[in-house]
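Rule-based calculations on the coordinates, nothing more; no lab input. In this text the structure is predicted, and so the values were computed from the model without any measurement. We place every Cβ from the backbone using ideal geometry, glycine too, and count neighbours over all the protein chains shown.
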Amino acid sequence: MRLLVIAMTVAGLATTMAAPVAARHKRTQQKTETPAVKANDRDYKAALDRMPAPTQKYDPWGTMRPTNDKH
C-alpha cells in the first residue's frame, strides 16, 4: 500500500512539473505563428469581400417542397 501511495505521489509530481514546460512551449510557438495567422485572416477577409452579396436568401429545402403547399 505504501508503495502505491509513493508511486501515485511521484506520478502526480511529474505531471505538475511537466505542465509549465508545455505551457511555455505553447506560448513560444504562438509567437512564431502569429504573423502567418494574421496573413491568413487578412486573405480570408479579402476573399469574402470579393464575393458578391446574395440578392435573395438561400433556401436549401426550396426544391423539396411544392410551391403551392399552404400549411
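In a fully extended conformation the segment linking ARG50 and THR34 would gain 3.3 nm over its present Cα-Cα distance, using 0.36 nm per residue. Packing, as the average of other Cβ atoms within 10 Å across residues, places the peptides 1-8, 53-60 in the order 1-8, 53-60, highest first.
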